[in-house]
Amino acid sequence: MSKTLFKYIFKMQLKIMIFISLFVFCLILLFDFAEMTRKLPISNLEESIFTIKLSFLRAPSTFCEIMHYIYFVTAVFCLWHLCRSHQITVIKSIGHSPQQILYPFISCALFVAAIWLLICHPIGLICEELYNQDILNNSSIKETNNDIWISFQNNDQIIFIKSIGKEKIDGLCVFDTKNNNRTFANQVIIKDNTWLLNGVVVISDDKIKNVDAMEIVGFFSPDLVRLLLKTPRKQNIYHLYKIYEIQRKDRVLLKLYELELHKLLANCMNFIIFALISAVICFPINRYKTRTSIAVQVILISIFVRFVNNILESLIYGDVISIPIACWSMGFILGCISIAILIWKEA
């Protein structure tokens, strides 16, 4: 495909996506503002400005969650426009195959996926954090993370943390499967790589031993403790990659954080999958395809993708399949099906 034609289709997608994104973002702002006015009283100008600020802080995180669907609509609308205006026919007549026509869409999908992963998603998380601080009207609140399960690669120990803060842990349970010991602590004070356990109960071979205080070397590094302050959903790609590197060094397993990392990377594949599915919807040229029929197909496919995602997550939590297989399987399956249908339609 020539550079001129490639740039033409690429720029068309960007223009359409910018327009749709602005429209969707304004709708999100409108709904968020309506919800804020229902929850918060507005009696003067200062409260009105505060409500508008909350809406602007909440909207980016919601927008990031549906950004791949926005690109799906963009690709479908762009291909539908090329088909209805007979530009696809002209492009085919000069010797370009359907696979070559998809090159600008795949490239745009990769570009948008990189922007989403490296810029939009981290910004959305920062705005959500500022929103949570403002809604609680206390920016100095100490963030904690609750209910953390940590296992070690040799399966000798399993740790449960009820609540973890910057310098202390509330509710620590350590299960030593190798020595058949269980240790419970009401509170743990973290000082660098040393943990001071208070209110300790040790159960070994059905013998119970109470200890007022116990000092041990930390089970994992202070860097990992600092990163675990936030729940997996509130971690961006940079922090998740750091956690992944640290957990490999400390030989621990953090299932939910690993799941979130694979989900972020698999979501990037969704942009490419949606480019292929949009081609399945619009190829070959069918003059009887109306905007309504295409809109129904887009909605049904979006619902199907969301439904399959929920099923795969349930299988992960049930230890039926592994995390990498679950996160990447749907992308590979939908991609292969889309390519097969495109080949069959164009045969």
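For this structure, a couple of remarks:
- Partner lysines whose Cα lies under 18 Å from the Cα of Lys207, excluding those fewer than 8 positions away in the same chain, are identified as Lys178.
- Angle between the chain longest axis and helix 255-282 axis [Cα atoms, degrees, rounded to 10]: 10
- By other beta-carbon atoms within 10 Å, ranking Asp176, Asp205 with the fewest at the front produces Asp205, Asp176.
- Inverse mean reciprocal Cα-Cα distance (Kirkwood Rh) of region 145-229, Å: 13.0
- For region 159-294, the Kirkwood radius over C-alpha pairs fed into Stokes-Einstein at 25 °C and 0.890 mPa s yields D = 133 µm² per second.
- Set of aspartates and glutamates with alpha-carbon distance to Lys92 below 20 Å, sequence-local pairs under 8 removed: Glu346
- Using a simple spin-label model with pseudo-atoms 7 Å out from Cα toward Cβ, Thr292 and Ile94 lie 3.6 nm apart.
- Modelled spin labels at Thr177 and Asn193, positioned 7 Å past Cα toward Cβ, are 2.7 nm from each other.
- Relative to the longest principal axis of the Cα atoms of the chain, helix 103-115 runs at roughly 30 degrees.
- Taking 19 Å as the cut-off, the amide N atoms of region 87-103 that come nearer than this to a point 7 Å along the Cα-to-beta-carbon line of Leu110 belong to 97-103.
- Efficiency of FRET from Cβ geometry, Asn145 and Leu22, R₀ 45 Å, rounded to 0.05: 0.80
- Amide N proximity, region 207-231 versus Ile158 label position 7 Å along Cα-to-Cβ, cut-off under 19 Å: 219-220
- Cα-based reach from Lys242 at 28 Å (exclusive), listing lysines while leaving out same-chain residues under 8 positions away: Lys142, Lys162, Lys166, Lys168, Lys191, Lys230, Lys234, Lys255, Lys263
- D (Stokes-Einstein, µm²/s), Kirkwood Cα radius, the chain, 1.002 mPa s at 20 °C: 91
- Once the Cα atoms are used to define both axes, helix 323-346 deviates from the longest principal axis of the chain by about 10 degrees.
All of the numbers you see were taken from the coordinates with simple rules; none came from a lab. A quick note: this is a predicted structure, and the numbers were derived from the prediction, not measured. Reconstructed Cβ throughout: ideal geometry from the backbone, glycine too, with neighbour counts over all protein chains shown.
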